[in-house]
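See structure below.
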Amino acid sequence: MLTLLFVIAAGVVCTFAGDRYHPEQYMEPRTEPVGRLLRSSETTTQFWVEDAQAALRQRHTDGLRHRSGHARNVVMFLGDGMSVPTLTAARVLLGQRQGQTGEEANLAFDKFPTTGLVKTYCVNRQVADSACSATAYLCGVKGNAGTIGVNGAVPRHDCAASTDAARRVQSIAEWALADGRDAGIVTTTRITHASPAGVYGKTANRNWETDADVVNAGHDTERCPDLAHQMIHKHPGNKFKVIFGGGRRAFLPNTTRDEEGTRGRRTDDRNLIEEWQADKAARNVSYKYIWNRAELAELASSPPEYLLGLFEGTHMRYHMEADPSTEPTLAELTEVAIRSLSRNERGFFLFVEGGRIDHAHHDNFARLALDETIEMSKAVARAAELLDEEDSLIVVTADHAHVMAFNGYSPRGQDILGTNKDRDRNGVPYMTLSYTNGPGRRVQDANDMRVDVTQEDNFGALRWRSHVDFPLSSETHGGDDVAVFARGPHHAIFTGLYEQSHIPHRMAYAACIGPGLHACSAAHSLRGSLLAALMLLPTLVAALRSFF
Ligand SMILES: *[C@@H]1O[C@H](CO)[C@@H](O)[C@H](O)[C@H]1NC(C)=O
Ligand SMILES: *[C@@H]1O[C@H](CO)[C@@H](O)[C@H](O)[C@H]1NC(C)=O
Ligand SMILES: [Zn+2]
């Protein structure tokens, strides 16, 4: 027996080539990808050189193009939990759906001229939640986890502290409104959820979505109104021209049900959807409340001035599970929002969130997380078609990362949602995409053998969970930096690695709104011309010298 073991061990040692860290048996793809052909030209030098030179020519032309203007319109896309591995894997899935190997494909924003990275930590947390990060990327100030629209001097749950004007901060939507521009929000989550709430809300607790939540926490709704109430009745939510998302239940009394049977959650007996309509009627403006896809399509060509669209009782459904007869896609919502807001000559600020990437990751549903990312990419593509690069800034980013990893040494074109070509040390298959933690943990046997997940009945189903390292009821966010992509006026200021809270300052700079430095302020242009003149001075002197 011992001898046999020895022989096996020796055999293993003999077959390992390469170094200890990169055993050749893992590094060498043993089979060609099946069904997806490599572009044959990829094996030539010319292919890669031409590819690089074409990209370089594009950069060169972009760099020469004069960008003197400012961003009349700003559209910010936020992929909730859209970590860098999520972007890479979604891009591969997109390419594979089109019959390619996948790795070479591009999401809509992959080719934006500028990318950057941001640090997502919050004042009291190494790893951000969607509330404190929303305050950072929308209001330009970092705060504490769980708080929205208030600075780090407001502890979570502290209603009293959040009422102090000096601790409340403004969002870029408020800066846009103050400049006479319009503002709107689009999300696939409840409209009262943390990310969209960052555009209009001020609260010591992101979970105070209805009056019942505030009351149950022992607070007075007069002092600390819930997020649904704030959106309908307070500045700036009551001035938004477009509000699209899910979450009807936060606007309806608990004695009523919405159009699709979801019971309301309010205990103050108020119907805020009716109150929104009454408010607009009182202001003598055109408005419409809609709740399904057909109604959206009907008004798409000539929308009223104010639009409130709530398409689900709670979050909108995952795109792959949605009922297309009632639920619009994120791209459709984005298009109607842009068409509607574009009527303001001065411009607009629009926030668009792909909010359920995060939820799918929390459940270890990798397929759904990637599909939601692709849906957001489609929405970005639609916006990029509708808006002129010369006067509209598009910024795409995420609030925080997740702990999904892209593992192994699979050959080109390997199914991104499948198993790796190789197996673990015990010969058990593992997934290319797996998680550090979450509900997808399987019980291992006494010998620490992993379960072969490919044998599970629902393997590959939409809601099949990838395997994880340690069990948690909900997978956690990740603390790694997230990417920023920018296109349009002054896109280059988004390059580099900086604080997440710098993002709205930079958008405001490009749009010439809000406090602080503006791209088009007189002082700035004067400084710019002086600087340019100084830089030209030696050339002028040289020219004069040669003349005389
Ligand atoms: C609605 O809320 C009130 C106040 O909390 C409560 O007494 C009542 O039972 C609720 N009704 C339903 C149907 O949940
Ligand atoms: C309301 O608006 C309409 C059309 O814009 C206008 O004709 C009407 O006089 C307005 N009514 C009030 C009360 O301001
Ligand atoms: Zn989350």
For the stretch 228-246, name all the residues that are under 24 Å from the mean Cα position of the chain (by Cα) and free of Cβ contacts under 8 Å to residues at least 40 places away in the same chain.
-> 230, 237
Within the stretch 208-224, how many residues turn out to be in contact (Cβ under 8 Å) with a residue 12 or more places away in the chain and more than 16 Å from ligand 1 (Cβ to nearest atom)?
-> 2
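Run down 154, 127, 141 and say which single residue is surrounded by fewer than 23 Cβ atoms within 10 Å (Cβ to Cβ), part of a loop (DSSP other than H, G, I, E, B) and away from ligand 3 (no atom under 16 Å from the Cβ).
The match here is 141.
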State yes or no: is residue 180 out of contact with any strand residue (DSSP E or B) (no Cβ under 7 Å at 6 or more places or on another chain) and either over 25 Å from residue 300 (Cβ atoms) or free of Cβ contacts under 8 Å to residues at least 24 places away in the same chain (or both)?
-> yes
Kindly provide the set of residues from the stretch 383-414 that are under 25 Å from residue 450 (Cβ atoms) and touching a Lys or Arg at 6+ places or on another chain (Cβ under 9 Å), ordered by number.
-> 408, 409, 410, 411, 414
So is residue 371 surrounded by fewer than 18 Cβ atoms within 10 Å (Cβ to Cβ), under 22 Å from residue 107 (Cα atoms) and at pLDDT 95 or above or not?
-> no
Which listed residue, of 332, 321, is touching a residue at least 24 places away in the same chain (Cβ under 8 Å) and loosely packed, with under 15 Cβ neighbours inside 10 Å = 321
Can you tell me how many residues in the stretch 109-124 are of a type in the set (Val, Ile, Thr) and in a loop (DSSP other than H, G, I, E, B)?
-> 2
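Please pick out the residue among 261, 247, 309 that is within 30 Å of residue 369 (Cβ to Cβ) and within 16 Å of ligand 1 (Cβ to nearest atom).
261
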Is at least one residue of the stretch 76-98 of a type in the set (Phe, Trp, Tyr), in a strand (DSSP E or B) and away from ligand 1 (no atom under 16 Å from the Cβ)?
-> yes
Residue 460 being out of contact with any helix residue (DSSP H, G or I) (no Cβ under 7 Å at 6 or more places or on another chain) and modelled with pLDDT of 95 or more = no
Cβ-Cβ under 9 Å pairs, at least 6 apart or on other chains, the stretch 254-282 side in the same structural domain as residue 231 (by TED's automatic domain parsing), far side within 16 Å of ligand 3 (Cβ to nearest atom) | 262/314; 265/209
For the stretch 393-420, enumerate the residues that are closer than 30 Å to residue 194 by Cα and either within 16 Å of ligand 3 (Cβ to nearest atom) or of a type in the set (Ser, Thr, Tyr) (or both).
-> 397, 398, 399, 400, 401, 402, 403, 404
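The values are calculated or read from the model by the stated rules, or taken from the named source; none is laboratory data. No experiment lies behind these values; they were computed from the predicted model shown. Note that we place each Cβ from the backbone using ideal geometry, even for glycine, and neighbour counts take in every protein chain shown.
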